[in-house]
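Asks: Below you will find the structure I want to go over with you.
The values are calculated or read from the model by the stated rules, or taken from the named source; none is laboratory data. This is a predicted model, so every value here is computed, not measured. Neighbour counts run over all protein chains shown; Cβ positions are idealised from the backbone, glycine included. For accessibility, only protein heavy atoms count, side chains too; no ligands or nucleic acids. Shrake-Rupley method; radii C 1.70, N 1.55, O 1.52, S 1.80 Å.
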Amino acid sequence: MFLSRGTSHAQLDPDFQRLWASVTVSSLGDGMRFVALPLLAAQLTSDPRQIAAVYLTEQLPLLLFGLLSGALADRVDRRRILWLVDAVRALTVGALAVAVATHSVTIHLLAGVAFLLGLGQTLYNGAWSGMVPTLVAPIDLTRANARLQAGSLVTDTLLGTPLGALLFGITAALPFAVDAVSFAGAAVLALMLRGNFQPQPSAAPNTWGTLCRDTAHGVRWLWRHRLLRRLCLTSGITNLVGAGLIAILVLYARQVLGLSSLAFALLAASFALGGVAGAAGTPRLTARFGNQRVLRLTAAGTAIAAAAAGIANSGLVAAACIATYGAANLAWNITAVSLRQALVPSELLGRVAMAYQMVIGGGTAVGAAAAGFVADSFGLRAPFFAGAVLLLAASLISTRNTGPGTLPTRTAVASDGGASGQHSTGPASEAENH
């Protein structure tokens with residue numbers, strides 16, 4: 001049974017406001033570090049392999065430990081994971097700031113710090129994925145996720161990235177020092193969360209073997225759920241396309257559109273501007289049209305925007321296309337994430353979310369590599385056209401049988417497993433499998 005269309009206008013829970021503030025503050029530091037880390041690496045070495053290795057080490061933990069982090073988050077207090085991870089990351093980045101200020105940093109130390117930060121982000125994501133459904137009512141999931149996405153996008157991309165470059169220009173240690181402060185602030189806000197964030201207890205001990213079995217169970221549950229499986233595969237495709245377009249965007253801007261470095265930065269920022277608008281409008285769209293139509297229209301919108309960007313002949317037109325792409329992409333993501341949170345039993349949220357993210361991460365890696373080959377073989381416009389075709393195909397995969405209403409309740413899903421295709425039907429049966 002689906003909820004009737006409509007959206008709640010009640011004030012979101014104060015604990016959600018604290019979670020939103022924690023994520024938003026932390027995102028500001030993330031944005032600064034995103035630009036400061038490669039700039040620092042470029043100061044330490046001119047070897048592109050070593051610079052790329054720093055980026056790779058930050059991505060490795062998701063691939064190595066992503067699934068296990070979800071299993072861990074489904075066994076221990078998720079709030080504790082959030083504040084502990086941010087506290088450790090504050091100390092780690094603070095130590096890096098000291099090393100940079102004292103001119104004792106090396107490329108190997110930088111890679112090690114990047115790995116620790118990536119590991120922290122992986123653990124954080126596993127815990128965070130199960131927090132929102134415990135803090136807001138099902139009808140408010142889309143509104144809550146939209147606020148989180150918009151807040152992160154503004155502080156990370158629109159504010160954090162240019163601020164990080166500015167602070168790095170003043171002194172290389174400064175953006176890392178501010179990043180450490182942002183992590184500390186986020187840890188305090190997470191520590192202030194009230195309520196019970198302990199998942200349903202398991203009778204099985206917390207051993208390596210049981211964690212591995214829990215991980216496999218989460219992957220099987222996701223695969224057997226027809227709707228979530230399609231949404232997951234579609235998310236992988238959309239991230240494949242998005243990563244590919246980002247990978248060649250700088251060359252496209254300079255060689256095809258003839259833009260300066262500043263104009264390229266503004267072109268990249270247009271995605272975030274569109275994304276903020278898309279996030280703001282998503283709750284109204286899903287309330288008015290329902291999930292199925294929003295998923296279908298926004299997926300088609302990204303395809304059209306990608307194709308239009310590929311034929312653009314001016315920076316202004318390209319920026320408008322990329323902003324439209326960002327708006328449609330964020331609206332699709334928020335709707336899909338809200339559906340996932342409503343459909344997955346609470347004690348499985350961490351594992352299913354991290355299995356989902358593993359597919360997304362794989363799509364990102366493949367897309368970045370594939371776009372380079374496509375552009376080299378067929379020209380810099382070709383990835384946009386190829387991406388449009390993939391996005392159009394993805395829109396057909398994910399939009400069947402999502403239901404006409406806003407969001408299903410978790411109870412309704414649990415009592416009607418056959419409708420959505422999962423083999424296990426509810427919290428009780430899931431607990432028995434631990």
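Asks: How much length is gained on full extension from Gln50 to Leu159, taking 0.36 nm per residue of separation minus their Cα-Cα distance? Provide the component values of the computation, followed by the final result.
Replies: Numbers: separation 109, 0.36 × 109 = 39.24 nm, distance 2.79 nm.
Here the answer is 36.4 nm.
Asks: Turning to a different aspect of this structure: Can you sort Ile397, Ile311, Ile248 by solvent-accessible area, 1.4 Å probe, largest first? Mind dumping the intermediate values first?
Replies: Details: Ile397 55, Ile311 110, Ile248 10 Å².
The ordering from most to least exposed comes out as Ile311, Ile397, Ile248.
Asks: Moving on. To the nearest 10 square angstrom, how much accessible area does Trp221 have with a 1.4 angstrom probe?
Replies: We get 10 Å² for Trp221.
Asks: Mind ranking Ser377, Ser152 by accessible surface for me, highest first, 1.4 Å probe? List each step's numbers first, then the result.
Replies: Working: Ser377 80, Ser152 30 Å².
Result, largest first: Ser377, Ser152.
Asks: Oh, and also: For region 262-333, report the accessible area per residue in Å² (1.4 Å probe, heavy atoms, rounded to an integer). Walk me through the intermediate numbers first.
Replies: Values: 2920 Å² over 72 residues.
Result: 41 Å² per residue.
Asks: For region 9-106, report the accessible area per residue in Å² (1.4 Å probe, heavy atoms, rounded to an integer).
Replies: Details: 4570 Å² over 98 residues.
Value returned for region 9-106: 47 Å² of accessible area per residue.
Asks: Apply 1/(1 + (r/R0)^6) to the Cβ-Cβ distance of Arg284 and Thr171, taking R0 = 45 Å, and write down the FRET efficiency to the nearest 0.05. Please list the in-between numbers first.
Replies: Numbers: r = 45 Å, r/R0 = 0.99.
Efficiency, rounded to the nearest 0.05: 0.50.
Asks: Could you state how much accessible area Arg381 has, in square angstrom rounded to the nearest 10, with a 1.4 Å probe and all protein chains kept in place?
Replies: 70
Asks: Accessible area, 1.4 Å probe, largest first: how do Val136, Val154 sort?
Replies: On the way: Val136 15, Val154 50 Å².
Greatest to least solvent exposure: Val154, Val136.
Asks: Between beta-carbons, use under 15 Å as the cut-off and find the net charge around Leu330, counting Lys and Arg +1, Asp and Glu -1. Present the calculation step by step, with values, prior to reporting the outcome.
Replies: Numbers: positive: Arg143, Arg147, Arg284; negative: Asp156.
Summing Lys/Arg as +1 and Asp/Glu as -1 gives +2.
Asks: Just read off the accessible area of Arg147 with the full protein assembly in place, 1.4 Å probe, to the nearest 10 Å².
Replies: Surface open to solvent at Arg147 totals about 80 Å².
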